[in-house]
Amino acid sequence: MGREDVKVVSFWASLFGRRVEWALKLKGIQYEYIEEDISNKSSLLLNLNPVHKKVPVLLHHQKPIIESCLILEYIDETWMHNPLLPPQPHQKALARFWSKFADETMVDAAWMAMCFSGNEKESALKVGRESMQRIEDEIRGKKFFGGDDIGYLDIALGWISYWLPVWEQVGSFQILDPLKFPAIIAWITNFLNHPVITDSLPPRNELLLYYQRIRSQLSST
Amino acid sequence: MSKGEEEVKLLGAWPSPFVLRARIALNMKSVRYEFLQETFGSKSQLLLQSNPVHKKIPVLIHGDKPVCESLIIVEYIDQVWSSPPSILPSHPYDRAVARFWAAYLDEKWFPAMKSVQGAKGEEERKALMQQLEEGLALMESAYHSVSKGKPFFGGDRVGYLDIAFGCYLGWLRVIESFSGLKLLDHAKTPGLAQWAQAFCAHDAVKPVMPETDKLIEFAKVLMAKAPPK
């Protein structure tokens, strides 16, 4: 394979951006990483993603692809070795369904549990825990969501293994109860121990400081 | 029985734009299916069993396996009934662009459309209408760059983004009727106006696209049943 022109525009703490890097690394695709300061968005980002103005952006031969899960699909369809999505149509539909569910429901709930207090926090926790139960039911009996190896859904849910525990610490709450969700806890260990993932995580203490800053900024507004 | 020959059921309701997506996709592939309409105001046991997470239509039941979420259903249909016409574009980049705009419509544009009828006061209504207009301007521009001079987002044929966007046309006409304002027309969005005509006339769309008058009547029933503010 010749030298491909692949760039990733992202922010070091972004859980969405990390998905893209994991996928590229799992496929052995070389890429150039471009760090974006999301508190001071560059004209590059605004040109690449004028509609949402967000990271990550994948640039392949200078063409931008946006939205982390869509980028995962693009990567899988462009570099077809080591497939991320299951080939069987119903399994593929399920993987897409659960990643959409998690992005629409769980990320927000966990974020709100971290940032807010009182009733808002309690509502968010309820949603977070109910959603986590569904994910527990999906992973039970499997090493990874993708089967024997990491797949699309593992990557999409990867934030649960690393970002969620940080948010729990920052926001003083617990969703990941090992007694309630033993299968997820086991999956977290497997996921974080995977050689590609273990080498591609932001430093935990910096992540913690970053979200602590965010939380205190939100409380003071 | 091969995968393509198993029984196909679609749980849905005629007014739903999301259900319409599934019906158009099935029509494009000439798939025979049983259309099981949910009664407005209640959810059948089959729906609750097939989509326990969201309890929403559409649900495609193929053999005994349910597929939920309209865009996921469209992709499933395209994959299972893989003979032409293809619904998704063939090139990964074009797929990414089509999926991007479909997600934009569902996540940003349609929520504004849904909120217009329930808007509290003229200012909120105006702001939402403006959001809709801005979104349509984006789609007009997307249409020109994606279609490259051909009639549909999918080129010569109706494709994924045509279906994802076209399903909203009926309800868009309802909003225009209630507000007395044109949002998608030859003056404001000439490309889309032509596209909309071609889309609605398409063989796979015409038999299932709800008539605007019927949607208006349905909308009035919905508004009458809505709790007072």
Against the condition of a type in the set (K, R), in contact with a Lys or Arg (Cβ under 6 Å, 6 or more places away or on another chain), without any contact (Cβ under 8 Å) to a residue 40 or more places away in the chain and open to solvent by 40 Å² or more (accessible area, probe 1.4 Å), how does B:K114 come out, does it pass? no
Find the residue count for the range B:130-164, including only residues that are of a type in the set (D, E) and closer than 24 Å to B:V208 by Cα. 2
Residues A:K41, A:K63: which one is within 14 Å of chain B (Cβ to nearest Cβ) and open to solvent by 10 Å² or more (accessible area, probe 1.4 Å)? A:K63
Mind listing just one residue for me: the one in the range B:100-111 that is in contact with a Phe, Trp or Tyr (Cβ under 8 Å, 6 or more places away or on another chain) and open to solvent by 10 Å² or more (accessible area, probe 1.4 Å) and, of those, nearest to the other protein chains (Cβ to nearest Cβ)? B:W101
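This table checks each residue for (1) open to solvent by 50 Å² or more (accessible area, probe 1.4 Å); (2) under 15 Å from A:L15 (Cβ atoms); (3) in the same structural domain as A:S216 (by TED's automatic domain parsing); (4) of a type in the set (D, E, K, R).
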site	(1), (2), (3), (4)
A:A102	no, yes, yes, no
A:E122	yes, no, yes, yes
A:I139	no, no, yes, no
A:I155	no, yes, yes, no
A:G158	no, yes, yes, no
A:Q169	yes, no, yes, no
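Which one of B:S141, B:S145, B:S82 is within 10 Å of chain A (Cβ to nearest Cβ) and loosely packed, with under 15 Cβ neighbours inside 10 Å?
The conditions single out B:S82.
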Looking for something modelled with pLDDT of 95 or more and either under 15 Å from B:A98 (Cα atoms) or not in a loop (DSSP other than H, G, I, E, B) (or both) - is there at least one such residue anywhere in the range B:183-190? yes
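Looking at A:G28, A:G17 in this structure, which one is more than 13 Å from every other protein chain (Cβ to nearest Cβ) and open to solvent by less than 40 Å² (accessible area, probe 1.4 Å)? Talk me through it step by step, then tell me what you get.
Numbers: A:G28 fails: open to solvent by less than 40 Å² (accessible area, probe 1.4 Å).
Answer to the selection: A:G17.
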Tell me, please, whether a residue that is open to solvent by 50 Å² or more (accessible area, probe 1.4 Å) and under 15 Å from the mean Cα position of the chain (by Cα) can be found in the range B:183-191. no
Considering the range B:48-67 alone, what residues qualify as being surrounded by fewer than 24 Cβ atoms within 10 Å (Cβ to Cβ) and at the interface with another protein chain (Cβ under 10 Å from one of its Cβ atoms)? B:N51, B:P52, B:V53, B:H54, B:H62, B:G63, B:K65, B:P66
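Tell me which residues, restricted to the range A:84-106, are aliphatic (A, V, I, L, M) and either within 7 Å of another protein chain (Cβ to nearest Cβ) or in contact with a His (Cβ under 8 Å, 6 or more places away or on another chain) (or both).
Hit for the range A:84-106 is A:A93, nothing else.
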Those residues of the range B:24-42 that are modelled with pLDDT of 95 or more and open to solvent by 90 Å² or more (accessible area, probe 1.4 Å) come to a total of 3
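The values are calculated or read from the model by the stated rules, or taken from the named source; none is laboratory data. No experiment lies behind these values; they were computed from the predicted model shown. No Cβ is skipped: glycine too gets one built from the backbone with ideal geometry, and neighbour counts run over all protein chains shown. For the accessible areas, the whole protein counts, side chains as well, though only heavy atoms, and no ligand, DNA or RNA atoms are used. Shrake-Rupley method; radii C 1.70, N 1.55, O 1.52, S 1.80 Å.
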